[in-house]
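Below is one structure, written out as structure tokens, with a few remarks after it.
The values are calculated or read from the model by the stated rules, or taken from the named source; none is laboratory data. From a predicted model like this one, the values you see are computed outputs, not experimental measurements. In this analysis, Cβ positions are derived from the backbone assuming ideal geometry, glycine residues included, and neighbour counts consider all displayed protein chains.
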Ligand code: MN3
């Protein structure tokens, strides 16, 4: 009897939690449409394709393409999940977007970075300095019980295994080029106006932060 191929629900593109124009003037509507509908969709499709390829390999027992399949899984899987978080990490300016963190998140940032302003400088510098395509991340590591600013080349390279991202900033050119052209620093500076700190704080709690 042939072994059944495990079939999983395909990944789907989640809708934005706000209008395409909600992050204006900091992130423009056209960028959001292309970024969400085209770029993010491509990662969803790529992840589904990688998972299908892996399922076929298991079924046939032919693992000749395993190295490429695992690479595609990491790239498109990280691309998909990073973007899911990125949209949630932002909100309309003045209506959830912007301002400063509060509560435990603010306390942790003070403990681990010396304060919000020094965290911002660290995160800003790391994000602007990403070589080529990548991300700036604020992540919590449950083993170290520490927040780290990290960077990712492409979607995943250079990050610390086991860390839980709380806040991610896409610095691929497709995220800002239409409005900011080559001025990535201007985009990163403007982006603080749309950060949804409530969402970031919720993720810290869910990650099991044990500040005491
Ligand atoms: Mn992107």
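Quick look at the values:
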item: Number of positions in the stretch 24-81 that are farther than 21 Å from residue 194 by Cβ and assigned to a loop (DSSP other than H, G, I, E, B); result: 5
item: Out of 143, 161, 195, 168, sole residue that is within 17 Å of the chain's Cα centre (by Cα) and surrounded by fewer than 21 Cβ atoms within 10 Å (Cβ to Cβ); result: 161
item: Hits in the stretch 124-133 - residues which are touching a residue at least 12 places away in the same chain (Cβ under 8 Å) and surrounded by fewer than 23 Cβ atoms within 10 Å (Cβ to Cβ); result: 124, 126, 128, 129, 130, 131, 132, 133
item: The lone exception for residue 38 - which of (1) farther than 21 Å from residue 153 by Cα; (2) outside the structural domain of residue 200 (by TED's automatic domain parsing); (3) surrounded by fewer than 20 Cβ atoms within 10 Å (Cβ to Cβ) it fails; result: (1)
item: When residues of the stretch 27-42 are limited to those that are more than 18 Å from residue 92 (Cα to Cα) and without any contact (Cβ under 8 Å) to a residue 60 or more places away in the chain, the one nearest to the ligand (Cβ to nearest atom); result: 40
item: All positions within the stretch 41-73 that are surrounded by fewer than 16 Cβ atoms within 10 Å (Cβ to Cβ) and within 25 Å of residue 169 (Cα to Cα); result: 41, 42, 45, 70, 71
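The rows are residues; the columns are (1) at positive phi; (2) buried (at least 20 other Cβ atoms within 10 Å of the Cβ); (3) away from the ligand (no atom under 16 Å from the Cβ); (4) not assigned by TED's automatic domain parsing to the domain that holds residue 38.
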position: 80; (1), (2), (3), (4): no, yes, no, no
position: 83; (1), (2), (3), (4): no, yes, no, no
position: 93; (1), (2), (3), (4): no, yes, yes, yes
position: 97; (1), (2), (3), (4): no, yes, yes, yes
position: 108; (1), (2), (3), (4): no, yes, yes, yes
position: 111; (1), (2), (3), (4): no, no, yes, yes
position: 115; (1), (2), (3), (4): yes, no, yes, yes
position: 118; (1), (2), (3), (4): no, no, yes, yes
